[in-house]
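Just below is one structure, and these are the notes that go with it.
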Amino acid sequence: MTSPQHLDELLTGLGLAEAATFTAVRGADEDAVIRHFGGDPDQARPMRLEELRDHYDGDLILVSRSGPTVVVVENNNYQGSREEVLRPLSRLGRTASAYWNVNAVSRLSLAEDGLIQSALDMVVPEDPFGARPDAWDPLLEGLAFGVSPGWGEGLTAVERATGAQFDNAWVRGTHRAVAIKPVPEYLLGQGIVDSPLLKREPFVSYLADLGPALLGRMRRHALDLALAHTDLRHHSLALAALTAEAIPATARERLRDDLTAAHDQALTESRALRAEEADDFEPEWERPSHRVFQQAIVFGVLARCTAAQLPTPTDRLPDILSSLTTAMTGEGERVEEFWMLAHLHDAAQRATR
């Protein structure tokens, strides 16, 4: 196996240390791998690996063979980290990928038999997920994730999992450049599709007619969950915001300002409480300061919803799901319901594009 230190040097030399994805599929056919990435093998052209640094933008993959393994390299792209690519590839043979970007967002994935067996963050690797979260464990012995300044450990893990060799012979070997069209996202990903939530209302109805017509209803559902989760369901400002379309415009302006002030006040209170709390408080979401912080987020969302009713009322809430995610931390049925709702909301939005 190639050492992590050598692989870090390799990435730097190739101009791929900042943002890249390396995917390896053991025992697969190159043309089949290209198709699973959304490319046409007949459109492939030769390219040297070091030339990939000049293709920082756009959907391009570089495909090659290393021993029994097909290797795909992407510069500043992440298709090989997506389950829509990894799961079909893994039906061709054991598949592993390492992805990282300029913001140190990273993922190391291992897929077999059509499932993501294990995936983890290479900076904070303590919380793997997948069908068998511990599937990476025997392949990671001696690798120092979260400590090394580079991504060589991730590439070493990919080598161990698939038999690929990212050595000088591979670098100098034959590589095929192929433009790709990213494959469509799954409606529901692994670990979600079998959720019991999908067997009850309102999720049954959402799935039956998933599309843009449901976005308003889903956003109100998400807001109701957040209000209950943060104990604001009966707060006078929240109750007023939920019926803001029925009051005069001048009253809506005052309500928006009151909600903004409530957000600012709760945020200040949260910071003051946090300064007095122990650093090792567990779990994080049960800190008193965090509960007040969650309320600040919801007040801010309500202010935004009220502002959307100015100068005249609208028939649908703005997109508030991403803003509510920081308020919906913790455990319990409401949290699980919110995250399922967020997945379906994303799918409904994609249907509008």
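The values are calculated or read from the model by the stated rules, or taken from the named source; none is laboratory data. Since we're looking at a predicted model, the values are computed, not measured. Here the Cβ is made from the backbone with ideal geometry for all residues, glycine too, and neighbour counts use every protein chain on show. What goes into the accessible areas is simple: the full protein's heavy atoms, side chains included, and nothing from ligands, DNA or RNA. Shrake-Rupley method; radii C 1.70, N 1.55, O 1.52, S 1.80 Å.
Quick check, is T325 more than 22 Å from V204 (Cα to Cα), open to solvent by 20 Å² or more (accessible area, probe 1.4 Å) and not in a helix (DSSP H, G or I)?
The answer is no for T325.
For L210, state whether it is in a helix (DSSP H, G or I), in contact with a helix residue (DSSP H, G or I) (Cβ under 6 Å, 6 or more places away or on another chain) and either exposed (fewer than 14 other Cβ atoms within 10 Å of the Cβ) or not acidic (D, E) (or both).
Taking the combined requirement at face value, the residue does not satisfy it.
Here is a list of conditions, (1) in contact with a Cys (Cβ under 7 Å, 6 or more places away or on another chain); (2) in a helix (DSSP H, G or I); (3) of a type outside the set (A, V, I, L, M, F, W, C), and P318 meets all of them except one; can you say which number that is?
(2)
A238 versus (1) open to solvent by 80 Å² or more (accessible area, probe 1.4 Å); (2) assigned to a helix (DSSP H, G or I): which is the lone unmet condition?
(1)
With (1) closer than 26 Å to L341 by Cα; (2) surrounded by fewer than 16 Cβ atoms within 10 Å (Cβ to Cβ) as the list, and E276 as the residue in question, which single condition is left unmet?
Failed condition: (1).
I'd like to check something: does segment 130-140 contain any residue that is under 17 Å from the mean Cα position of the chain (by Cα) and surrounded by 16 or more Cβ atoms within 10 Å (Cβ to Cβ)?
Yes: segment 130-140 contains one or more residues that are under 17 Å from the mean Cα position of the chain (by Cα) and surrounded by 16 or more Cβ atoms within 10 Å (Cβ to Cβ).
Given the options E337, E284, E333, name the one that is of a type in the set (D, E), loosely packed, with under 14 Cβ neighbours inside 10 Å and in contact with a helix residue (DSSP H, G or I) (Cβ under 7 Å, 6 or more places away or on another chain).
When all the criteria are applied, what remains is E284.
So, R220, is that one outside any loop (DSSP other than H, G, I, E, B) and either out of contact with any helix residue (DSSP H, G or I) (no Cβ under 8 Å at 6 or more places or on another chain) or surrounded by fewer than 16 Cβ atoms within 10 Å (Cβ to Cβ) (or both) or not?
yes
Are any residues in segment 143-199 of a type in the set (D, E, K, R), part of a helix (DSSP H, G or I) and open to solvent by 40 Å² or more (accessible area, probe 1.4 Å), and if so, which ones?
Within segment 143-199, R160, R172, K199 meet the criteria.
What do you reckon, is T2 at pLDDT below 95, surrounded by 15 or more Cβ atoms within 10 Å (Cβ to Cβ), touching a helix residue (DSSP H, G or I) at 6+ places or on another chain (Cβ under 7 Å) and under 19 Å from E153 (Cβ atoms)?
Yes, satisfied.
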